[in-house]
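The block underneath contains the structure these notes are about, expressed in structure tokens.
The values are calculated or read from the model by the stated rules, or taken from the named source; none is laboratory data. Not measured: the values here are computed from a predicted model. Cβ: placed from backbone, ideal geometry, glycine included. Neighbour counts: every protein chain shown. Note: accessible area is taken over every heavy atom of the protein model, side chains too, but ligands, DNA and RNA are not part of it. Shrake-Rupley method; radii C 1.70, N 1.55, O 1.52, S 1.80 Å.
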Amino acid sequence: MTISSDLASHTADTSLGTDPALEPVAGRSPTQLAMARFRKDKLSMAAFVVVAVYLLLGILAPFGVKFGILDPFSFHSSAKYLDIESGSIPKGFMGGISWSHPLGLEPGTGRDVASRLVYGVTFSLTIALSATIVAVSIGTVLGIVSGFVGGYVDAAIGRLTDLTLSFPQTLMLLALSGLAVAMIVQAGVPAGNVAQALFVILVLGLFGWPPIARIVRGQVLSIREREFIEAAKLMGAPRRRMYFKEVLPNLWAPLLVYFTLTMPAYISAEAALAYLQVSVKPPTPTLGNILTDSISYSSADFFFFFTPAFLIAVIVVSFNLVGDGLRDALDPRGAR
Amino acid sequence: MFAYIVRRVVSGIILIIVMSLVTFLLFFASPIDPARFACGKNCSPALQEQTRKALGYDDPVFVQWGDFLKGVVQGRDYPSDPALRKTAPATIAHCPAPCLGYSKLSNDTVLNLVKNAFPVSLSLAIVAFIIWISGGIAFGVIAALKKGTIIDRGIVGISLVFFAFPTFFVGLFLYQFIAIQWQIVPIPNYVSIADGGFFTWLVGLLLPGLTLALFYMAGYVRMTRAFVLESMGEDYLRTANAKGLAPRKVLVKHSMRAALTPLVTMAGLDLASLVGGAIITETVFNYNGLGKLAVTAARNLDLPLTVGIVLLLATFVIMANIIVDVLYAFIDPRVRVG
């Protein structure tokens, strides 16, 4: 950036001379250009704001619970709140909406829905983010090695990719749930929700890396032929430096796009797993957990059934829009 | 072309064999004792030991895997004991040739259990596939033709929304409101064509089919739209228009041709994984397909059944990959090289 701006001022000084009509041309890096393109895209920007709000909620919720602003666990099951005679549906408008409970109460237990949802965002995003990091890290490392080394290594990683892709992901998560959690506990992780969450993260990540590895490999194949790689080779750069200092920085654009497109897939996956009862166990809230809890009230308290699903849909759509926007901004040739 | 197909099939078979080994290692090298669960409730240690022996769980994993592969080719007996065969043949469960294992919990071969569930999953996949492929292509083309208008945005937006809501929410929503509350369609229930005729079969599959289709459609709408739009800038399309070809013909014969190859790939793979059971949708609508069977197997830790289903599903996916690649080579001659 400094070089380009120096260059810009330099050309402005010499060639334009004293002509005030011509503005000096400010040099902009490809990143700046891409960000400018992204900012112009109103839909993507709106989606970005939504994602930012979710992230903020997710980060702040644990503090809210700690300081008593959010109360996702205590029951309000007395007759004052719930209609005990007809299936413990909350009294009042749309599932008991009031100032102290802005999204109403949970039927049956009377827990505060808003608190549970906000705290659920924390857990859902944590699981999705960790799983995405696992998948992207594995995919990136294998993709770089595969594309850079080539030959037998490339072929081996390619077969490994095929093998992993052929496993049915949801079924594997379901089928492995009993076994893998037992394995994780055996490895020394305390049993319970930590082990359960770790299982979801690991299995999502371990089965999710192949598409990333393929994309990275494709990119590396072209990066490998560039001059700066040759220069690094001539200078005798060790392998690790080649992979992580020379190749990796050139991959951030596709990785960023893939990251934002994997996150929503894993948020949905967590919800599906919660429905199959292999995600984190209640009372710990995740968006999927809360939605699963609400199923039995789908007709009696529709608002309670709809809200968690709506929150999931909004974050999934937003992440997808941000991902699409980033792709269009970072790769102008691919703009449709 | 023939060499290409042979190469793909051979590598596919190798992949299936390796995958079966990995599956065995994953499931039988775990800290969970398969015999304990195969034995069922109220199991004495002696009975558990007997079950372990009968099902071969006392052998090393690699031996078990070898026995499994042998069973697929020539069938096997549980327990495999020639002496017992002479004295008490009734205690032996025979599993004929493509033997995928024996579920002690259901007292049936995995293949039989799968055979019963398969028609349900297949029917569901077919109905869903027809809805989503016709809907996806039609809406994709409309969106492309009306690019930038409110119709375009509406189609793309709505398909994204259906994609974003969790499948089980959409399924339950349709079930709860369309079937139960508003009674637009009868409560979904699987009736085979042989039992109730084509129409009853179709009506029974409408809601679960729609649930799946709504989820899958989004990708197809976007892809069709993108490729039709992309082809609009191509020279060959201008030529087709210039020589006075009817707009409909230009669209169908030239514009959509560009979208065909990626659509075939996507459709083939999606269909293959669906045929192997739509876990969530089948659970929501309580259809006894492969997905539901897998859920039950996993819940009961019925390892032979789980492994059988996993292998079968993965085999579907691998075979679909091969078929798609071969189709691809037919559609697009450039692929055949390499």
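Exactly one of these conditions fails for residue A:220: (1) surrounded by fewer than 20 Cβ atoms within 10 Å (Cβ to Cβ); (2) in contact with a Gly (Cβ under 7 Å, 6 or more places away or on another chain). Give me its number.
All conditions are met except number (1).
Counting only residues that are closer than 23 Å to residue B:284 by Cα and at the interface with another protein chain (Cβ under 8 Å from one of its Cβ atoms), which one in segment A:311-336 is surrounded by the fewest Cβ atoms within 10 Å (Cβ to Cβ)? Walk me through how you get there before you give the answer.
Taking segment A:311-336 first, the residues closer than 23 Å to residue B:284 by Cα are A:311-314, A:316.
Keeping just the survivors that are at the interface with another protein chain (Cβ under 8 Å from one of its Cβ atoms) gives A:312-314, A:316.
Working: A:312: 27, A:313: 23, A:314: 18, A:316: 23.
By that ranking, first place goes to A:314.
Could you grab me the full set of residues in segment A:155-168 that are within 9 Å of another protein chain (Cβ to nearest Cβ) and not in a loop (DSSP other than H, G, I, E, B)? Quick ask: steps written out before the conclusion?
The initial filter retains those residues of segment A:155-168 that are within 9 Å of another protein chain (Cβ to nearest Cβ), namely A:159, A:162-163, A:165-168.
Answer for segment A:155-168, where residues must be within 9 Å of another protein chain (Cβ to nearest Cβ) and not in a loop (DSSP other than H, G, I, E, B): A:159, A:162, A:163, A:165, A:166.
In the set A:182, A:197, A:237, which member is outside any helix (DSSP H, G or I), open to solvent by 10 Å² or more (accessible area, probe 1.4 Å) and either touching a residue at least 12 places away in the same chain (Cβ under 8 Å) or over 25 Å from residue A:129 (Cβ atoms) (or both)? I'd like the intermediate steps shown before the answer.
Values: A:182 fails: outside any helix (DSSP H, G or I); A:197 fails: outside any helix (DSSP H, G or I).
Of the residues listed, the single one that is outside any helix (DSSP H, G or I), open to solvent by 10 Å² or more (accessible area, probe 1.4 Å) and either touching a residue at least 12 places away in the same chain (Cβ under 8 Å) or over 25 Å from residue A:129 (Cβ atoms) (or both) is A:237.
Out of the residues in segment A:299-310 that are among the small types (Gly, Ala, Ser) and open to solvent by 10 Å² or more (accessible area, probe 1.4 Å), state the one that is nearest to residue B:176 (Cα to Cα). Break it down stepwise before answering.
Kept after step one, since they are among the small types (Gly, Ala, Ser), are these residues of segment A:299-310: A:299-300, A:309.
Among the residues that remain, those that are also open to solvent by 10 Å² or more (accessible area, probe 1.4 Å) are: A:299-300.
Numbers: A:299: 7, A:300: 11 Å.
This residue is A:299.
How many residues does segment A:228-250 hold that are touching a helix residue (DSSP H, G or I) at 6+ places or on another chain (Cβ under 6 Å) and under 15 Å from residue A:215 (Cα atoms)?
2
Does segment B:121-130 include one or more residues that are within 11 Å of chain A (Cβ to nearest Cβ) and among the aliphatic types (A, V, I, L, M)? I'd like the intermediate steps shown before the answer.
First, pick out the residues of segment B:121-130 that are within 11 Å of chain A (Cβ to nearest Cβ): none.
No - not one qualifying residue is present in segment B:121-130.
Answer yes or no: is there a residue in segment B:294-308 that is open to solvent by less than 40 Å² (accessible area, probe 1.4 Å), modelled with pLDDT of 85 or more and more than 9 Å from chain A (Cβ to nearest Cβ).
yes
Tell me which residues, restricted to segment A:185-194, are assigned to a helix (DSSP H, G or I) and either more than 14 Å from every other protein chain (Cβ to nearest Cβ) or surrounded by 19 or more Cβ atoms within 10 Å (Cβ to Cβ) (or both). Please lay out each step first, then the result.
To start, the set of residues in segment A:185-194 that are assigned to a helix (DSSP H, G or I) comprises A:185-186, A:193-194.
Residues satisfying the conditions are A:193, A:194.
Looking at segment B:2-34, which of its residues are open to solvent by less than 50 Å² (accessible area, probe 1.4 Å) and not in a helix (DSSP H, G or I)?
B:30, B:32, B:33
Can you tell me which residue within segment B:312-330, out of those that are over 12 Å from the mean Cα position of the chain (by Cα) and open to solvent by less than 40 Å² (accessible area, probe 1.4 Å), is nearest to the other protein chains (Cβ to nearest Cβ)? First the steps, then the outcome.
Of all residues in segment B:312-330, those over 12 Å from the mean Cα position of the chain (by Cα) come to B:321-330.
Restricting the remaining residues to those that are open to solvent by less than 40 Å² (accessible area, probe 1.4 Å) gives B:322, B:324, B:326, B:329.
Numbers: B:322: 11, B:324: 13, B:326: 16, B:329: 18 Å.
Ranking the qualifying residues of segment B:312-330, first place goes to B:322.
Specify which of the listed residues (A:177, A:137) is part of a helix (DSSP H, G or I), crowded, with 17+ Cβ neighbours inside 10 Å and of a type in the set (Gly, Ala, Ser).
Values: A:137 fails: crowded, with 17+ Cβ neighbours inside 10 Å.
Result: A:177 is the single residue among A:177, A:137 that is part of a helix (DSSP H, G or I), crowded, with 17+ Cβ neighbours inside 10 Å and of a type in the set (Gly, Ala, Ser).
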